[in-house]
Amino acid sequence: MNIREHSSQFSIFVYTTDVDQGAAAKVSLSHAGYDSYYFQDIEGFYQRLNEMVPHVVVFSTLSVQGMLSDFVNKILAISPEIKLVAIAESQQFEALSQYNTIGLMDIVSQDGPNLDMRVLWSVDQVCATLYLTFQNEQLFADWKEVQSQKEVLQRTIQDQKALQEESSQ
């Protein structure tokens with residue numbers, strides 16, 4: 001599956017106080033077709049989060065002031081459907097692993113070159129999962145509708161057979 005064919009359907013928020021990191025990630029995501037927004041200011045980030053719920057939030061753990069759990073819980077209180085991608089130092093990976101049950105989909109090491117491309121790759125994976133999950137949910141809903149129609153049709157056929165038997169007697 002090529003998620004880039006559907007990337008325009010996904011909104012991505014990037015929050016980091018590192019302008020170079022945030023701007024590069026936002027540009028890479030935009031070039032890939034995502035509806036992406038970069039926030040350097042936490043208040044602006046929370047305000048926009050309340051106005052428009054994104055599919056994915058990419059955030060730098062070094063930019064989070066206060067407890068990481070408070071930051072994550074504030075995002076998930078707006079919508080538990082939001083998926084998270086953390087940009088973190090490698091020594092934080094073990095501590096961050098506890099968040100995988102509440103929406104943390106990936107951790108991207110801030111160390112090394114091409115951080116923007118690694119963030120893009122991670123967002124691609126998360127959005128592909130979201131897209132396929134939505135497709136499966138839609139298929140299941142369609143299947144349930146067909147099953148319901150099938151049951152109605154079977155009852156109608158049974159009723160018709162009963163009427164035919166009655167009239168033939």
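The values are calculated or read from the model by the stated rules, or taken from the named source; none is laboratory data. The model shown is predicted, which means the values in this text are computed figures rather than measured ones. Here the Cβ positions follow ideal geometry from the backbone for every residue, glycine too, while neighbour counts run over all protein chains shown. Side chains are part of the model used for accessible areas, which takes the heavy atoms of the whole protein and leaves out ligands, DNA and RNA. Shrake-Rupley method; radii C 1.70, N 1.55, O 1.52, S 1.80 Å.
Structure notes:
- Applying the criterion of being touching a Phe, Trp or Tyr at 6+ places or on another chain (Cβ under 7 Å) and of a type in the set (Gly, Ala, Ser) to the residues of the range 9-24, the residue that is farthest from ILE87 (Cα to Cα) is ALA23.
- Cβ pairs under 8 Å, 6+ apart, first in the range 41-53 and at negative phi, second open to solvent by 100 Å² or more (accessible area, probe 1.4 Å) and of a type in the set (S, T, N, Q): ILE42/GLN65
- Residues being open to solvent by 30 Å² or more (accessible area, probe 1.4 Å), touching a residue at least 12 places away in the same chain (Cβ under 8 Å), in contact with a Ser or Thr (Cβ under 9 Å, 6 or more places away or on another chain) and of a type outside the set (Ser, Thr, Tyr) are represented in the range 71-83 by at least one member.
- Selection of first residues in the range 3-25 that are farther than 16 Å from VAL58 by Cα and of second residues that are exposed (fewer than 15 other Cβ atoms within 10 Å of the Cβ), restricted to Cβ pairs under 9 Å at least 6 apart or on distinct chains, gives the following pairs, ordered by first then second residue: ILE3/GLN125.
- Filtering the range 38-80 to residues that are more than 19 Å from the chain's Cα centre (by Cα) and aliphatic (A, V, I, L, M) leaves ILE42, LEU62, VAL64, MET67, LEU68.
Each row is one residue, and each column tells you yes or no for (1) modelled with pLDDT of 95 or more; (2) crowded, with 19+ Cβ neighbours inside 10 Å; (3) over 19 Å from ILE3 (Cβ atoms).
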residue: ASP35; (1), (2), (3): yes, no, no
residue: SER60; (1), (2), (3): yes, yes, yes
residue: GLN91; (1), (2), (3): no, no, yes
residue: LEU96; (1), (2), (3): no, no, yes
